[in-house]
Amino acid sequence: EIQIPLNNVGVTLIDYKSKKGVATSIGHAPAPALIDPVAGSILSITEALTNLVWAPLTHGLSGVSLSANWMWPAKNKGENARLYAAVEAVSNFAIELGINIPTGKDSLSMTQKYPDGETVYSPGTVIISSVGEVSDVSKTVEPVIQHIEGTHLLYIDLSQIDLSLGGSSFAQSLGQLGDHTPTIKDASYIKNVFGEIQGLIKEGKILAGHDISSGGIITCLAEMNFGNLTGGLDVNLSLIDEQDDVKALFSENPGLIIQVNQSDDIQKRLKSKGIDSHEIGWLINERHLLIQNGESSYKFDLDELRDTWFKTSYQFDSRQRDSDHATQRFKNYKAQPLLFKFPESFTGKFKDMGLDPNRTKSTGIKAAIIREKGINSDREMAYCLHLAGFDVKDVHMTDLMIGREDLKEVNMIVFTGGFSNSDVLGSAKGWAGVFKYNENARKALKDFYAREDTLSLGVCNGCQLMMHLGLIYPDLKEAHPKMQFNSSGKFECSFINVDIQKNNSVMLKSMEGAKLGIWLAHGEGRFQFDIPESDLGITAKYTYPAYPGNPNGSDFATAALESKDGRHLAIMPHLERSLYPWNWAHYPSDRDDEVSPWIEAFINARKWVEEKSRL
């Protein structure tokens with residue numbers, strides 16, 4: 001519900017029909033490597049794997065490939081020997097794990113000399129990138145506690161050695177490095193745990209999961225509660241058998257925390273595979289993190305911790321833009337949770353909506369994607385239209401300019417997002433110029449809009465184009481709304497809430513009253529009006545009028561405009577990038593939908609064209 005950067009694994013779909021994808025993660029340990037280059041290499045690989053493990057991999061650990069990027073101040077006293085030991089450790093550990101490292105990069109001149117004679121050495125480290133094929137992206141486990149009665153937290157230690165603070169964030173906060181750093185005792189144990197966690201994920205038995213790394217177990221537990229709105233945890237670390245509270249809370253020995261149902265059964269299953277796990281926590285209703293270790297007990301306010309955790313980002317933000325917007329983001333990031341209200345008739349099932357994702361036959365209902373140099377999202381948009389029942393044509397501006405395409409056989413056109421002409425001319429101005437000053441393109445567009453059986457949609461860059469061309473309110477001419485730079489002065493990319501207003505839009509009429517999640521990514525998305533709101537057809541508004549919920553500072557929190565007859569829609573956020581539940585950054589956990597509510601907009605368009613063709 002709270003959109004902050006918690007996930008350590010990135011997952012990408014590889015097509016529009018399946019749930020297959022690719023997962024990637026990174027791992028690095030510069031401070032431990034200063035103490036022990038061998039341990040630093042082992043920890044870097046381990047962290048990459050404990051970040052990657054939360055995505056269900058098609059081929060398990062054996063299907064993982066690594067990339068090793070070396071950052072080292074070589075050719076300085078002792079550093080070549082340390083580098084050799086670090087490289088050898090990476091090689092040996094990868095071989096023991098049974099995974100390959102087919103590629104990498106060396107940056108071995110990480111030394112800076114200054115005129116006054118001072119020399120600064122970068123800490124020698126290896127940054128490990130991992131990648132693996134994902135069997136089902138929708139089963140990826142997130143580091144956010146699900147407040148489900150009867151669930152518990154299990155702790156799995158991966159290091160199998162005593163806890164230590166060397167190279168930890170805690171040590172660094174005290175200006176210390178330490179003498180002893182964690183490492184991994186047995187590579188085969190890592191393989192075993194990785195495989196069993198993967199099995200549990202594929203069976204849907206892990207509700208939430210996070211790795212123990214920077215900041216130790218207390219940071220891991222706190223972060224697992226930062227993305228949610230309610231509740232907390234009661235944790236007992238006594239079973240870890242570490243009397244030193246500081247070590248118990250802040251050591252960075254690699255480990256995993258998983259939230260599970262049927263805790264006893266999961267523990268027995270892990271034990272039968274030679275894996276030790278300890279039940280350390282359970283859910284509470286209060287917004288606290290309660291921790292007990294032996295005779296010691298601690299109580300932390302989770303929302304207070306989250307602000308402390310976020311403050312570093314705020315401090316960077318306040319130096320990179322005007323401080324007012326940075327302050328607004330810091331104030332509002334936790335006060336604008338994602339809340340959804342789906343259309344009552346929406347079931348989320350292909351069959352109920354008459355959709356065939358495997359359709360190969362033509363329907364005769366034609367739509368066209370209008371492309372210019374530099375635009376994107378055209379394939380996502382084409383698939384949305386195809387899924388809804390359109391036969392989709394690809395029309396480049398060149399086709400219109402030379403007269404190869406005149407749009408006469410098309411009932412719907414879509415101007416998609418991106419950066420037309422690399423955006424060097426600003427917010428689709430160059431794209432609009434082609435329509436204005438090329439006779440063939442201008443005539444094709446004019447004739448299309450003059451017909452009564454046509455629809456159009458402009459998204460992001462396409463929305464800017466429609467504003468420049470005055471296609472929503474042609475009667476306003478020079479007074480037509482235009483798109484301005486975001487009030488924040490920065491490019492904004494986020495997953496946010498929008499409310500569908502009472503409207504007359506062909507595409508969104510049936511979705512009135514819905515509150516949905518949607519992606520956006522733009523630098524010039526601010527709607528600015530010189531006419532009253534009552535004279536506008538505002539189809540969708542950002543749920544939260546304050547920044548960052550209203551990411552561009554649009555007047556009336558406007559996210560989309562419709563023409564007076566409802567046939568033409570200009571929307572800033574990307575509905576085509578929000579097609580499936582697994583495309584959303586957050587989706588209701590109690591739903592089992594095959595597709596998100598945004599498909600309804602495209603279905604409505606297809607049905608309207610069908611009705612017009614019958615008349």
- Note on the structure: All-but-one check, Gly117 against (1) buried (at least 17 other Cβ atoms within 10 Å of the Cβ); (2) out of contact with any strand residue (DSSP E or B) (no Cβ under 9 Å at 6 or more places or on another chain); (3) not polar (S, T, N, Q), failing number (1)
- Could you check, for the range 550-566, whether at least one of its residues is open to solvent by 10 Å² or more (accessible area, probe 1.4 Å), touching a Phe, Trp or Tyr at 6+ places or on another chain (Cβ under 7 Å), in contact (Cβ under 8 Å) with a residue 60 or more places away in the chain and closer than 30 Å to Ile148 by Cα? no
- Message: Given the criterion aliphatic (A, V, I, L, M) and part of a loop (DSSP other than H, G, I, E, B), identify the matching residue among Ala570, Ala585, Ala560.
- Response: Ala585
- Item | strands (runs of 3 or more DSSP E) wholly inside the range 479-535 that include at least 3 residues being more than 17 Å from Tyr333 (Cα to Cα) and either of a type in the set (D, E, K, R) or in contact with a strand residue (DSSP E or B) (Cβ under 8 Å, 6 or more places away or on another chain) (or both) | 482-484, 515-522, 526-528
- Would you be able to tell me the number of residues in the range 214-257 that are at pLDDT below 95 and of a type in the set (Lys, Arg)? 0
- Message: Taking the criterion of being of a type in the set (Val, Ile, Thr), over 18 Å from Ile212 (Cα atoms) and touching a strand residue (DSSP E or B) at 6+ places or on another chain (Cβ under 7 Å), would at least one residue in the range 144-155 satisfy it?
- Response: yes
- Query: In this structure, is Leu465 in a loop (DSSP other than H, G, I, E, B), in contact (Cβ under 8 Å) with a residue 24 or more places away in the chain, among the hydrophobic types (A, V, I, L, M, F, W, C) and touching a strand residue (DSSP E or B) at 6+ places or on another chain (Cβ under 7 Å)?
  - Reply: no
- Matching residues in the range 314-354 - criterion: being farther than 27 Å from Ile500 by Cβ and open to solvent by less than 50 Å² (accessible area, probe 1.4 Å): Asp317, Ser318, Arg321, Ala326, Phe330
- Task: Taking the residues in the range 508-522 that are of a type in the set (A, V, I, L, M, F, W, C) and either open to solvent by 10 Å² or more (accessible area, probe 1.4 Å) or more than 18 Å from Leu579 (Cβ to Cβ) (or both) as candidates, determine which candidate is nearest to the chain's Cα centre (by Cα).
- Result: Trp519
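Please go through the range 328-339 and pick out each residue that is in contact with a helix residue (DSSP H, G or I) (Cβ under 7 Å, 6 or more places away or on another chain) and either modelled with pLDDT under 95 or part of a helix (DSSP H, G or I) (or both).
Of the range 328-339, the ones in contact with a helix residue (DSSP H, G or I) (Cβ under 7 Å, 6 or more places away or on another chain) are 329-330, 333-334.
Correct list: Arg329, Phe330.
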- Message: When you check Ile266 against the structure, is it touching a Cys at 6+ places or on another chain (Cβ under 9 Å) and either closer than 24 Å to Asp157 by Cβ or in a helix (DSSP H, G or I) (or both), yes or no?
- Response: no
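Residues are listed down the side, and each one gets a yes or a no for (1) within 28 Å of Val609 (Cβ to Cβ); (2) over 23 Å from the mean Cα position of the chain (by Cα); (3) not aromatic (Phe, Trp, Tyr):
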residue	(1), (2), (3)
Val498	yes, no, yes
Gly525	no, no, yes
Ile531	no, yes, yes
Thr539	yes, yes, yes
Gly549	no, no, yes
Ile571	yes, no, yes
Ala585	no, no, yes
- Item | Subset of the range 178-199 (residues that are surrounded by fewer than 17 Cβ atoms within 10 Å (Cβ to Cβ), of a type outside the set (Lys, Arg) and closer than 20 Å to Leu163 by Cβ) | Asp179, His180, Asp186
- Query: In the range 247-275, how many residues are under 20 Å from Leu43 (Cβ atoms) and surrounded by fewer than 18 Cβ atoms within 10 Å (Cβ to Cβ)?
  - Reply: 0
- Note on the structure: The correct count of residues that are of a type in the set (Asp, Glu) and either open to solvent by less than 50 Å² (accessible area, probe 1.4 Å) or within 27 Å of Ser122 (Cβ to Cβ) (or both) in the range 1-40 is 1
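With open to solvent by 40 Å² or more (accessible area, probe 1.4 Å) and either at pLDDT below 95 or of a type in the set (Phe, Trp, Tyr) (or both) as the only criterion, which of Phe529, Phe485 stands out? Lay out the reasoning, then the answer.
Values: Phe529 fails: open to solvent by 40 Å² or more (accessible area, probe 1.4 Å).
Testing whether each residue is open to solvent by 40 Å² or more (accessible area, probe 1.4 Å) and either at pLDDT below 95 or of a type in the set (Phe, Trp, Tyr) (or both) leaves just Phe485.
Being over 31 Å from the mean Cα position of the chain (by Cα) and open to solvent by less than 30 Å² (accessible area, probe 1.4 Å): is that true of Ala89 here? Break it down into steps so the answer makes sense when it comes.
Working: over 31 Å from the mean Cα position of the chain (by Cα): yes; open to solvent by less than 30 Å² (accessible area, probe 1.4 Å): yes.
Taking the combined requirement at face value, the residue satisfies it.
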- When you look at Ile538, is it in contact (Cβ under 8 Å) with a residue 60 or more places away in the chain, crowded, with 20+ Cβ neighbours inside 10 Å and touching a Ser or Thr at 6+ places or on another chain (Cβ under 8 Å), yes or no? no
- Answer from Ile413, Ile496, Ile500 - the residue that is buried (at least 16 other Cβ atoms within 10 Å of the Cβ) and touching a Pro at 6+ places or on another chain (Cβ under 8 Å): Ile496
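Of everything in the range 289-300, what is over 16 Å from His152 (Cα atoms) and open to solvent by 40 Å² or more (accessible area, probe 1.4 Å)? Give them in sequence order. Walk me through it before giving the result.
Going through the range 289-300, the residues over 16 Å from His152 (Cα atoms) turn out to be 293-300.
Of everything in the range 289-300, those that are over 16 Å from His152 (Cα atoms) and open to solvent by 40 Å² or more (accessible area, probe 1.4 Å) turn out to be Glu295, Ser297, Tyr298, Lys299, Phe300.
Yes or no: Val126 in a loop (DSSP other than H, G, I, E, B) and crowded, with 20+ Cβ neighbours inside 10 Å? Step through it out loud before you land on a result.
Details: in a loop (DSSP other than H, G, I, E, B): no; crowded, with 20+ Cβ neighbours inside 10 Å: yes.
So Val126 fails the test.
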- For the range 426-437, does any single residue satisfy the condition of being under 17 Å from Asn552 (Cα atoms) and open to solvent by 10 Å² or more (accessible area, probe 1.4 Å)? yes
- Pro357 meets each of (1) crowded, with 18+ Cβ neighbours inside 10 Å; (2) under 27 Å from the mean Cα position of the chain (by Cα) with one exception, condition (1)
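Suppose we keep only residues that are part of a helix (DSSP H, G or I) and in contact (Cβ under 8 Å) with a residue 40 or more places away in the chain within the range 92-114. Which one would you say is surrounded by the fewest Cβ atoms within 10 Å (Cβ to Cβ)? Lay out the reasoning, then the answer.
To start, the set of residues in the range 92-114 that are part of a helix (DSSP H, G or I) comprises 92-97.
Then drop every residue that is not in contact (Cβ under 8 Å) with a residue 40 or more places away in the chain, which leaves 93-94, 96-97.
Working: Phe93: 21, Ala94: 20, Glu96: 15, Leu97: 21.
Across the range 92-114, the extreme among qualifying residues is Glu96.
Criterion first (within 27 Å of Ala367 (Cβ to Cβ), of a type in the set (Ser, Thr, Tyr), more than 29 Å from the chain's Cα centre (by Cα) and open to solvent by less than 10 Å² (accessible area, probe 1.4 Å)) does Ser596 satisfy it?
Details: within 27 Å of Ala367 (Cβ to Cβ): yes; of a type in the set (Ser, Thr, Tyr): yes; more than 29 Å from the chain's Cα centre (by Cα): no; open to solvent by less than 10 Å² (accessible area, probe 1.4 Å): yes.
For Ser596, the condition - within 27 Å of Ala367 (Cβ to Cβ), of a type in the set (Ser, Thr, Tyr), more than 29 Å from the chain's Cα centre (by Cα) and open to solvent by less than 10 Å² (accessible area, probe 1.4 Å) - is not met.
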- Query: When only residues in the range 41-86 that are touching a strand residue (DSSP E or B) at 6+ places or on another chain (Cβ under 9 Å) and β-branched (Val, Ile, Thr) count, which is most open to solvent (accessible area, probe 1.4 Å)?
  - Reply: Thr58
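Somewhere in the range 301-313, is a residue touching a His at 6+ places or on another chain (Cβ under 8 Å), part of a loop (DSSP other than H, G, I, E, B) and open to solvent by 30 Å² or more (accessible area, probe 1.4 Å)?
Residues of the range 301-313 touching a His at 6+ places or on another chain (Cβ under 8 Å): 301-302.
With the extra rule that they be part of a loop (DSSP other than H, G, I, E, B), the set shrinks to none.
No, the range 301-313 contains no residue that is touching a His at 6+ places or on another chain (Cβ under 8 Å), part of a loop (DSSP other than H, G, I, E, B) and open to solvent by 30 Å² or more (accessible area, probe 1.4 Å).
The values are calculated or read from the model by the stated rules, or taken from the named source; none is laboratory data. Predicted model only: the values in this text are computed from it and were never measured. Methodologically, a virtual Cβ is constructed for each residue, glycine included, from the backbone with ideal geometry; neighbour enumeration extends over all protein chains shown. The protein model used for the area step is the full one, side chains on, heavy atoms only, and it has no ligands, DNA or RNA in it. Shrake-Rupley method; radii C 1.70, N 1.55, O 1.52, S 1.80 Å.
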